[in-house]
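The values are calculated or read from the model by the stated rules, or taken from the named source; none is laboratory data. All figures in this text were calculated on a predicted structure; none of them were measured in a lab. Every residue, glycine as well, gets a Cβ built from its backbone with ideal geometry; the counts of neighbours run over all protein chains shown.
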Amino acid sequence: MDWGIRNRLSRIFQPQDGRTLMLAVDHGYFLGPTTRLEDPRATITPLLPYADAIMLTRGILQTCVDPTVTVPVVLRVSGGATIVGRDLANETITTSVRDAVRLNVSAVALSIFVGSDYEHQTLANLARLIDEATPYGIPVLAVTAVGKELEKRDARYLALACRVAAELGAHFVKTYYCEDFEKVVGGCPVPIVIAGGPKLDSDMDVLRLAYEAIQGGAAGVDMGRNIWQHDHPVAMIRAIRAIVHEGATPQQAYELLRDLIHAQAPVGRV
Ligand code: 5RP
């Protein structure tokens, strides 16, 4: 693999264990000012010290993140559809590789919607992005998006989507954790990171999700809502970090989470 691609990937995937904790804050590109991401700077800033990389759009990077930060940027470069529009899958490339270079990013990210009416268009977007980014040494993250069809999160569908992304040349892939996740990982020759999806019912559910994904062969997580929609987002990202990088079990991470929340609480309150 090209030196520039490897160098950038090693900023995202920590060389000591090959894993990553990416913080996803790109949701506004189709959801608008979604809950607890209304003021991106306020949400993002306290979490940055605990993220190996941050995934976001050009507009939020330029307006809400200080250019002196050292955290690697994974720039979302696809979009063009919203939650109130006709079809979330109808995406195009929204940011040029030239602009990604200007912003000094460590990777670019684009969604593919396999099985949708826009399958061909989004796969062609991915192929074009890889052709354009690779000569600059910029890795491409393919996001196997499911839009509103959350029921698509099964191993057969996700294995297909991840494999197709890798076949087109994606350097890493983002997908969902699912039953038989090993089959998804086993069929994909590039590293996989998992999304968290909508906020889960309990803290333990989130920690188990991260743990089982790592045990199942994921190279990390790229999580958003289950971190920053938590009442204690810093404690939650640190607990997930313990799972990704320190081999913590869900129970150990849960105890860390409770300790951190307790330590933050004003005297007399938990
Ligand atoms: C949307 C995305 C999001 O970044 C992704 O879904 C991760 O965030 P969350 O953990 O909230 O699902 O790529 O297409």
Being within 27 Å of residue 112 (Cβ to Cβ) and either modelled with pLDDT under 95 or away from the ligand (no atom under 15 Å from the Cβ) (or both) narrows 41, 76, 86, 58 down to just 86
Restricting segment 140-155 to residues that are within 15 Å of residue 178 (Cβ to Cβ) and modelled with pLDDT of 95 or more, the one farthest from the chain's Cα centre (by Cα) turns out to be 155
Selection from segment 98-127 of residues of a type in the set (A, V, I, L, M), touching a residue at least 24 places away in the same chain (Cβ under 8 Å) and either away from the ligand (no atom under 13 Å from the Cβ) or under 29 Å from residue 66 (Cα atoms) (or both) yields 100, 101, 103, 105, 107, 108, 109, 110, 114, 123, 126, 127
Note: among 222, 205, just one is crowded, with 24+ Cβ neighbours inside 10 Å, acidic (Asp, Glu) and either within 15 Å of the ligand (Cβ to nearest atom) or outside any strand (DSSP E or B) (or both), namely 222
The correct count of residues that are in a helix (DSSP H, G or I) and either under 22 Å from residue 228 (Cα atoms) or touching a residue at least 24 places away in the same chain (Cβ under 8 Å) (or both) in segment 157-202 is 17
Residue pairs qualifying under the 9 Å Cβ cut-off, at least six apart or on distinct chains, with the first in segment 238-263 being over 19 Å from residue 52 (Cβ atoms) and among the hydroxyl-bearing types (Ser, Thr, Tyr) and the second being modelled with pLDDT of 95 or more and assigned to a helix (DSSP H, G or I), are 249/207; 249/211; 249/243; 254/203; 254/204; 254/207; 254/239
Among residues of segment 186-202 being away from the ligand (no atom under 12 Å from the Cβ) and within 16 Å of the chain's Cα centre (by Cα), the residue farthest from residue 251 (Cα to Cα) is 190
Filtering segment 83-122 down to residues that are of a type in the set (Asp, Glu) and surrounded by fewer than 22 Cβ atoms within 10 Å (Cβ to Cβ) yields 87, 99, 117, 119
